[in-house]
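Engineer: Below you'll find the structure I mean.
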Amino acid sequence: MRNNIMKMNQIKEIVSEKVLASFLKTSGGLPDLDSDVVVSAIDVGYGYTKYSTGVDKEGNISCGLFPSVAPMSPHEDLMGDFFVSRNTKKIESGGVLWEVGPDVYEISTRNDVRALHENFVNSEQWKVLFLGALAYQGETNIDYLVLGLPVSNMGKRLEMEKMAKGVHKIGDLEVTIHNVMVVPQPLGALYNFAIKSGDFERFQQTNSLVVDPGYLTFDFLVTKGFSVNPHRSGARPGGMSSILNAIASSIAQTMGVDYEDLNQLDVALDLKNYGGVKEERPIYIYGNKVDLNEHIKNTVPVIDSSLNYMLNKTGDTKDISQLIMAGGPNKIFEKSIKKQFQHHKMVTLEDGIFSNVVGFMLWGMMVAFGKAMEAEKSTVSNVQAKKETVVA
């Protein structure tokens, strides 16, 4: 099933001709291009792997996700009439059969944990998660893939492009990827908001601060237009895993037990739908109900530590025109960030955990349209040149 296939002319409706013209730096009208194109986006994060699943008739981009955990597939599976099938994909890589997907916790053990280290993007686990995302997308031919990397790993951009481009065999599915663009993960949020805002030209001319609390790292970018200022951007350990560790430590101290089940906390917080601390968010330990909201309050020192690092790095922020909050845990960090940036208008993206992937898709569409325009102009020029040669 080809979910992401679209007509080039659809891009003018999804992005808007005004934004496209500004992006392509053209004042003339945009041509009608009726060719097909498949644009795809994948963001393999430390916490979750996010991917685009298609664009509906109204131009809304749909996405899916699964935990960035890749256990070995069980040799013996207790499936049958009395068991509900789990939503996972089996991925063969490195001579091992792995399994990934939304229901992966059903077969994971305490030894199956997220890879929370700087070399994650070079690990077999990263490759398996990437192939899993391709399997869930179900495309056989991708014209443009936009892939996100943590800010701290952007030095491996060319390596990732080479790995992703080409043919990938996943069971019975064969996927061919023709063009790959690798961008810093938080930049997707900037693309997202700037394109949807209706004021794209303003973003091209002003400075933005994008804050993207991920699972392992607390990432932030200062940009001039859409170019990253590396001297004022950075990342540090202090993302959601640090928050979960702080919550686990608070629970352990309160209950007087050893508690380290970060996966249980992760599921209970439900970052995809997280709306703050108003609702009761219970877990059960030895059958006793524990409300996480009481323990979320004890994460403030972790949050403040990340904010202090960011403030030291970004310096004076009077030149920042817009502050954009992205990422799944953005609601957890939102209150503290507002205190530090009282003079700035802060936008918290409603896409939450999908904010980067949606931005990747929109950017990929614009690039695809621009490349198609160039090809169209080249074809017209060649035809004109042949006509002139014949006449001469």
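Engineer: Just from its helices, what would the mean residue ellipticity at 222 nm be for the chain, if runs of 4 or more DSSP H residues each count -39500 (n - 2.57) and the sum is divided by every residue, rounded to the nearest 500 deg cm²/dmol?
Structural biologist: On the way: 12 runs with 146 residues, N = 392.
So the calculated ellipticity at 222 nm is -11500 deg cm²/dmol.
Engineer: If you don't mind, there's one more thing I want to ask. Assign unit charges at the C-beta atoms only (+1 for Lys and Arg, -1 for Asp and Glu), then state the dipole size of the stretch 163-296 relative to its Cα centre in Debye, rounded to the nearest 20.
Structural biologist: Working: 11 positive and 15 negative charges, 130 e Å.
Result for the stretch 163-296 is approximately 620 debye, rounded to the nearest 20.
Engineer: Can you tell me the relative contact order of the stretch 196-300? Whole percent, Cα pairs under 8 Å, sequence separation 6 or more.
Structural biologist: Numbers: 131 pairs, mean separation 17.7, N = 105.
Worked out over the stretch 196-300, it gives 17 percent.
Engineer: Could you give the dipole magnitude of the stretch 181-244 about its Cα centre, charging the beta-carbon of Lys and Arg +1 and that of Asp and Glu -1, in debye to the nearest 20? Please report the intermediate quantities before stating the final value.
Structural biologist: Working: 5 positive and 4 negative charges, 22 e Å.
Roughly 100 debye for the stretch 181-244.
Engineer: A further question follows. By average Cβ neighbour count within 10 Å, what is the ranking of 207-217, 237-247, 331-341, 21-31 from highest down? All intermediate terms of the calculation are to be shown ahead of the outcome.
Structural biologist: Working: 207-217: 26.2, 237-247: 21.8, 331-341: 16.4, 21-31: 13.3.
By packing density, highest mean first, the sequence is 207-217, 237-247, 331-341, 21-31.
Engineer: A further question follows. Would you please classify the overall shape of the stretch 26-67 from the alpha carbon gyration tensor, given that a ≥ b ≥ c denote the square roots of the eigenvalues, rounded means a/c under 1.5, and beyond that prolate means a/b larger than b/c while oblate covers the rest?
Structural biologist: Judged from the Cα gyration tensor, the stretch 26-67 comes out prolate (a/c at least 1.5, a/b above b/c).
Engineer: Compute the signed sum of charges (Lys and Arg +1, Asp and Glu -1) over the other residues within less than 9 Å, Cβ to Cβ, of A252. Could you put the intermediate results ahead of the total?
Structural biologist: Values: positive: none; negative: D258, E260.
In short, -2.
Engineer: All other residues with a Cβ under 11 Å from the Cβ of L149 taken together, and with Lys, Arg as +1 and Asp, Glu as -1, what is their net charge? Walk me through the numbers before you get to the answer.
Structural biologist: Details: positive: K156, R157; negative: D43, E159, E161, D219.
Around L149, the surrounding residues sum to -2.
Engineer: Continuing with this model, one more query. Only four residue types carry charge here, +1 at the Cβ of Lys and Arg and -1 at the Cβ of Asp and Glu. Report the dipole size of the chain about the Cα centre in Debye, rounded to the nearest 20.
Structural biologist: Details: 39 positive and 46 negative charges, 278 e Å.
My answer is approximately 1340 debye.
Engineer: Nearest 5 is fine: what % of DSSP beta bridges in the chain come out antiparallel, could you say? Show your work: numbers first, answer last.
Structural biologist: Working: 41 of 62 bridges.
For the chain, the DSSP antiparallel bridge percentage is about 65.
Engineer: Once you order the gyration tensor axes a ≥ b ≥ c over the Cα atoms, which shape class does the chain get: rounded for a/c under 1.5, otherwise prolate or oblate by comparing a/b with b/c? Don't skip to the end; give the middle numbers.
Structural biologist: Working: a/c = 2.29, a/b = 1.36, b/c = 1.68.
Because a/c hits 1.5 or more and a/b fails to exceed b/c, the chain counts as oblate.
Engineer: Among 303-316, 358-371, 162-175, what's the highest-first ranking by average C-beta atoms within 10 angstrom per residue?
Structural biologist: Working: 303-316: 16.1, 358-371: 24.1, 162-175: 13.6.
Highest to lowest by the protection proxy: 358-371, 303-316, 162-175.
Engineer: Which residue, chosen from I177, F130, N153, occupies the Cα position most advanced towards the positive end of the dipole of the chain, where the dipole is computed from +1 (Lys, Arg) and -1 (Asp, Glu) charges on Cβ about the Cα centre?
Structural biologist: The Cα lying farthest towards the positive end belongs to N153.
Engineer: Above 16 angstrom, tally the Cα pairs of the stretch 178-219 and express them as a % of all pairs, no decimals.
Structural biologist: Numbers: 404 of 861 pairs.
Above the 16 Å cut-off, the stretch 178-219 has 47 percent of its Cα pairs.
Engineer: I've got another one for you. What is the local net charge at F369, summed over the other residues whose Cβ is closer than 14 Å to its Cβ (Lys, Arg +1; Asp, Glu -1)? Don't skip to the end; give the middle numbers.
Structural biologist: On the way: positive: K7, K12, K18, K25, K371, K377; negative: E13, E17, D32, D34, D36, D143, E374, E376.
After counting each charged neighbour, the total is -2.
Engineer: For the stretch 166-249, rounded, prolate or oblate, judged on the Cα gyration tensor with a ≥ b ≥ c (square roots of eigenvalues), a/c < 1.5 rounded, else prolate if a/b > b/c? Intermediate values should be presented prior to the final figure.
Structural biologist: Values: a/c = 2.29, a/b = 1.08, b/c = 2.12.
Verdict is oblate for the stretch 166-249.
Engineer: Search the structure for amide H atoms under 5 Å from the amide H of Y48, placed 1.01 Å from N in the peptide plane, and list their residues when 5 or more places away or on another chain.
Structural biologist: S68
Engineer: Tell me the relative contact order for the chain as a rounded percent, counting alpha carbon contacts under 8 Å between residues six or more apart.
Structural biologist: Numbers: 690 pairs, mean separation 67.1, N = 392.
Relative contact order comes out at 17 percent.
No value in this document is a laboratory result; all are computed from the given coordinates. These numbers were taken from a predicted model, which means no experiment stands behind them. A quick note on method: Cβ atoms are made from the backbone with ideal geometry, for glycine too, and the neighbour counts reach across all protein chains shown.
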